[in-house]
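*Asks:* Below is the structure I would like to discuss, written out as structure tokens.
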Amino acid sequence: MKTRASEVFDFLESIAPLHLQEKYDNSGLLIGSADQEVTVSIISLDCTEEVLDEAIAKGCNLIISHHPAIFYGLKKITGSNATERIVEKAIRHNLVIYAIHTNLDNTLTHGVNERIARRIGLDIDGILRPMVNTVDSTLGAGILGYFPTPLTELQFLHLLKDLMKTKVIRHTKLTHRTIQKVAICGGSGSFLLEDAIKAGVHALVTADFKYHNFFDAEAGLLACDIGHFESEQYTIHLLQELISGNFSTFAAHYTGINTNPVHYFI
Ligand SMILES: [Zn+2]
């Protein structure tokens, strides 16, 4: 039994259809042919040069990343930056490169945010900002959930730090709130701050908050920036489990490389 790359894509797109991706995004097949036969894949949050080298060393022929390897238009491929080198190397080594990004963010079932919510022990209550022009209430940005029993702010921060394996949490002032209703958005979720406040959540867990976002959040909720990579790191486990559960002739491994470009000097 042979597996074509298109069979893997069809399966992934049955969970997160490409039309759910944001306009600015570039999810889907980026390099290679959907007809190519694939036997082993590497799953990674970021498609870096190191991940390509890992794929080549391990004999993998498909890389599935959350963040697209190509995001902006390419006018030349001369190896002058990482993206150009990735394209060149992928083609030279017959690697198929695929991205499943905001289409997976915008999906509740098996999506990025569901994985985070389950990991920290929330009972899921739906999408935070439902997608416009759809009656499907399981599509949209961010997720809402409840802790079965309320936590103190410190209990909540400890839980987040432990379960999301983050070295540091940047957060708004502690005000002795009780934390039970929580909004989650893996990756850059400051655009959901107003929605989270309107939803009456006690806390918002996301990443990439800017200085002024913390002022905007302070009165309304406990905003927690746990780091972009940290918030999405379990997405590769999610994808690996989904693919492994569906294919017997095609293996999926997640990368052994920590692709987080952010380092902490503590
Ligand atoms: Zn991201």
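*Asks:* When you scan region 44-53, how many residues do you find that are in a helix (DSSP H, G or I) and within 16 Å of the ligand (Cβ to nearest atom)?
*Replies:* 1
*Asks:* From 56, 97, 70, 86, grab the single residue that is at pLDDT 95 or above and in a strand (DSSP E or B). First the steps, then the outcome.
*Replies:* Values: 56 fails: in a strand (DSSP E or B); 70 fails: in a strand (DSSP E or B); 86 fails: in a strand (DSSP E or B).
Unique residue meeting the criteria: 97.
Every residue, every condition in (1) more than 16 Å from the ligand (Cβ to nearest atom); (2) in contact (Cβ under 8 Å) with a residue 60 or more places away in the chain; (3) of a type outside the set (D, E, K, R); (4) closer than 25 Å to residue 139 by Cβ, yes or no:
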{"position": "6", "(1), (2), (3), (4)": "yes, no, yes, yes"}
{"position": "11", "(1), (2), (3), (4)": "yes, yes, yes, yes"}
{"position": "35", "(1), (2), (3), (4)": "yes, no, no, no"}
{"position": "74", "(1), (2), (3), (4)": "yes, no, yes, no"}
{"position": "97", "(1), (2), (3), (4)": "yes, yes, yes, no"}
{"position": "100", "(1), (2), (3), (4)": "no, yes, yes, yes"}
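*Asks:* Which pairs have Cβ atoms under 7 Å, sit 6 or more apart or on different chains, and link a residue in region 212-226 that is within 13 Å of residue 196 (Cβ to Cβ) to one that is crowded, with 23+ Cβ neighbours inside 10 Å and at pLDDT below 95?
*Replies:* Pairs found: 223/217.
*Asks:* Which one of these does residue 146 not meet: (1) outside any strand (DSSP E or B); (2) within 23 Å of residue 129 (Cα to Cα)?
*Replies:* (1)
*Asks:* With (1) within 16 Å of the ligand (Cβ to nearest atom); (2) in a loop (DSSP other than H, G, I, E, B); (3) over 22 Å from residue 43 (Cα atoms); (4) of a type in the set (Val, Ile, Thr) as the list, and residue 201 as the residue in question, which single condition is left unmet?
*Replies:* Checking residue 201 against (1) within 16 Å of the ligand (Cβ to nearest atom); (2) in a loop (DSSP other than H, G, I, E, B); (3) over 22 Å from residue 43 (Cα atoms); (4) of a type in the set (Val, Ile, Thr), the one that fails is (1).
*Asks:* Quick one: is residue 111 closer than 22 Å to residue 183 by Cα and more than 17 Å from the chain's Cα centre (by Cα)? Write out each step before concluding.
*Replies:* On the way: closer than 22 Å to residue 183 by Cα: yes; more than 17 Å from the chain's Cα centre (by Cα): no.
Taking the combined requirement at face value, the residue does not satisfy it.
*Asks:* For residue 93, only one of the following conditions fails: (1) under 28 Å from residue 192 (Cβ atoms); (2) open to solvent by 70 Å² or more (accessible area, probe 1.4 Å); (3) touching a residue at least 24 places away in the same chain (Cβ under 8 Å). What is its number?
*Replies:* (1)
*Asks:* If I filter region 1-23 down to residues being hydroxyl-bearing (Ser, Thr, Tyr) and modelled with pLDDT of 95 or more, which single residue comes out as surrounded by the most Cβ atoms within 10 Å (Cβ to Cβ)?
*Replies:* Out of the qualifying residues, it is 6.
*Asks:* Then there's this: Name every residue in region 215-251 that is open to solvent by 10 Å² or more (accessible area, probe 1.4 Å), among the β-branched types (Val, Ile, Thr) and assigned to a helix (DSSP H, G or I), in order of residue number.
*Replies:* 236
*Asks:* Of these, 192, 157, 204, which one is over 18 Å from the mean Cα position of the chain (by Cα) and under 30 Å from residue 265 (Cα atoms)?
*Replies:* 157
*Asks:* Please work out which one of (1) closer than 30 Å to residue 42 by Cβ; (2) within 16 Å of the ligand (Cβ to nearest atom) is the condition residue 191 fails and give its number.
*Replies:* (1)
*Asks:* Here is a follow-up. Taking the criterion of being modelled with pLDDT under 95 and more than 16 Å from the ligand (Cβ to nearest atom), would at least one residue in region 139-159 satisfy it?
*Replies:* No, the conditions are met nowhere in region 139-159.
*Asks:* Specify which of the listed residues (175, 134) is farther than 27 Å from residue 107 by Cβ, surrounded by fewer than 20 Cβ atoms within 10 Å (Cβ to Cβ) and among the polar types (S, T, N, Q).
*Replies:* After applying the criteria, what remains is 175.
*Asks:* Can I ask one more? Take region 68-86 and flag every residue that is open to solvent by less than 40 Å² (accessible area, probe 1.4 Å) and not β-branched (Val, Ile, Thr).
*Replies:* Within region 68-86, 68, 69, 79, 84 qualify.
*Asks:* Residue 64 fails exactly one of the following numbered conditions: (1) without any contact (Cβ under 8 Å) to a residue 24 or more places away in the chain; (2) touching a Phe, Trp or Tyr at 6+ places or on another chain (Cβ under 6 Å). What is the number of that condition?
*Replies:* For residue 64, the failing item is (1).
*Asks:* From the list 255, 235, 166, 259, exactly one residue is within 23 Å of residue 130 (Cα to Cα), among the polar types (S, T, N, Q), within 16 Å of the ligand (Cβ to nearest atom) and at pLDDT 95 or above. Which is it?
*Replies:* None of the others qualify; the one that does is 235.
*Asks:* Can we say residue 65 is closer than 26 Å to residue 246 by Cβ, hydroxyl-bearing (Ser, Thr, Tyr) and within 16 Å of the ligand (Cβ to nearest atom)?
*Replies:* Answer is yes for this residue.
The values are calculated or read from the model by the stated rules, or taken from the named source; none is laboratory data. Because the structure is a prediction, the values reported are computed rather than measured. Because the Cβ atoms are built from the backbone with ideal geometry, glycine has one as well, and the counts that use them run over all protein chains shown. Ligands, DNA and RNA are excluded from the accessible area calculation, which covers all protein heavy atoms including side chains. Shrake-Rupley method; radii C 1.70, N 1.55, O 1.52, S 1.80 Å.
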